[in-house]
Amino acid sequence: MEKRVSNTQFKALIITGVVGVGVLSLPSSIARIANNDGWISIVMGGAISALLMYLMVSLAQMHPGKVVFEYARELLGNFGFYIFAVIYIIYFMMVLAVEVRVFAEVIKVFLLENTPIEVIIISMLVTSMWIGRYKIEVVARIALLMYTVLFIIIIFGVIAVFPQLDFTNIFPLFQTNLKTIIGGVRETFFSYLGIDFVLVSLAYLEEPKEAMHYSMRAILSVTILYVFAFVLTISTFGVSELKRQVWPTIALVREVDFPGFFLENIDGIIMAAWVLIIYGNIGPTAYNSTLVLSNIFKTKEHGLYVLPLVPIVYFISLFPQNPYEVYKNMLIPNILGFIITIIFPILLFILSKIKGRRTK
């Protein structure tokens, strides 16, 4: 298999594949459970994700040059593989539907109030899912570009909001019991989904021996970003107000203004950059979706499955009547994410070990 992804692109693929719409609501959803100690839940969630990442990288390195869908068929047999693949594709479609629906709701509220939500959804789907037609190196280049945009926005955002932060709002700390903290960890689960893309992208890595190092750096970067988002929002709003926010990260940006400056409000710029970030987040998921379908139907070309996926994801995204129902119905993608991110990698890892011993 031709190696076409650099280490930096590999790291960018993981980060952009994980960071999506979840960061918008994560601070408030965590605060409702763990109060001021929500950052501990985020760090613990990052630690668990790092362990899962270690398992996935180790699994992928047992099968050099192969993506997960290829060696899953070898390990599970055809019947087991089809169960695996069907769960995978349903999971990807559910995640895509949630991503574009939340994206559309945010855009409608803050930028395009008079635009029908259906128009926003279909526009984003058509433009972003088109990435799934291309080869992995194109997806990787786009991911690196979006990673750069994300980094610039974080630096700019922190500088912009810093004068209005009240760090006394963070206190008191360590007032929440362990059981509640663990409940907060469960709440972070959706925000860390996407790490499974390593099971696909590692096969194309130019230097696979460095995969563990760069994947851990990616998870650390995501965890730091989420902790930053929590600390900045709670410092601005306080824990009581933060709990009432739907999208506190966006609300934080809208609090910033520069009186007398040529840009008095920066929320339009931040939102435009965020659109690009979500664009980069949907791309890897769309690529995975088409890749699993090409393995199910044993076709060499994966891009031909993009067009059939668009209307399916579109109609799934319209099922919830409002943003509240979107978050209320997160149980299904979370369960599927648990299977994809935890159950399947562990199962494939064990089977790979058994097969390796038999071969010896």
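Read-outs throughout are calculated quantities, based only on the coordinates presented, and are distinct from any laboratory measurement. Remember, it's a predicted structure, so these values are computed and weren't measured experimentally. With ideal geometry, Cβ positions are generated from the backbone for all residues, glycine too; neighbour counts draw on all protein chains shown.
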Would you be able to tell me the number of residues in the stretch 59-75 that are within 16 Å of LEU205 (Cβ to Cβ) and either among the basic types (Lys, Arg) or buried (at least 19 other Cβ atoms within 10 Å of the Cβ) (or both)? 7
In the list SER352, SER294, SER317, which residue meets the criterion of being farther than 22 Å from VAL246 by Cα, out of contact with any strand residue (DSSP E or B) (no Cβ under 7 Å at 6 or more places or on another chain) and either touching a residue at least 40 places away in the same chain (Cβ under 8 Å) or buried (at least 21 other Cβ atoms within 10 Å of the Cβ) (or both)? SER352
For the stretch 107-137, enumerate the residues that are basic (Lys, Arg), surrounded by 15 or more Cβ atoms within 10 Å (Cβ to Cβ) and in contact (Cβ under 8 Å) with a residue 40 or more places away in the chain. ARG133
Under the condition of being part of a loop (DSSP other than H, G, I, E, B) and not charged (D, E, K, R), which residue from the stretch 297-314 is surrounded by the most Cβ atoms within 10 Å (Cβ to Cβ)? HIS302
Find all pairs meeting these conditions: Cβ atoms under 6 angstrom apart; at least six residues apart or on different chains; first residue within the stretch 196-209 and more than 13 Å from GLN61 (Cβ to Cβ); second residue small (Gly, Ala, Ser) and not in a helix (DSSP H, G or I). GLU206/SER6
SER191 surrounded by 19 or more Cβ atoms within 10 Å (Cβ to Cβ) and over 24 Å from LEU24 (Cα atoms): no
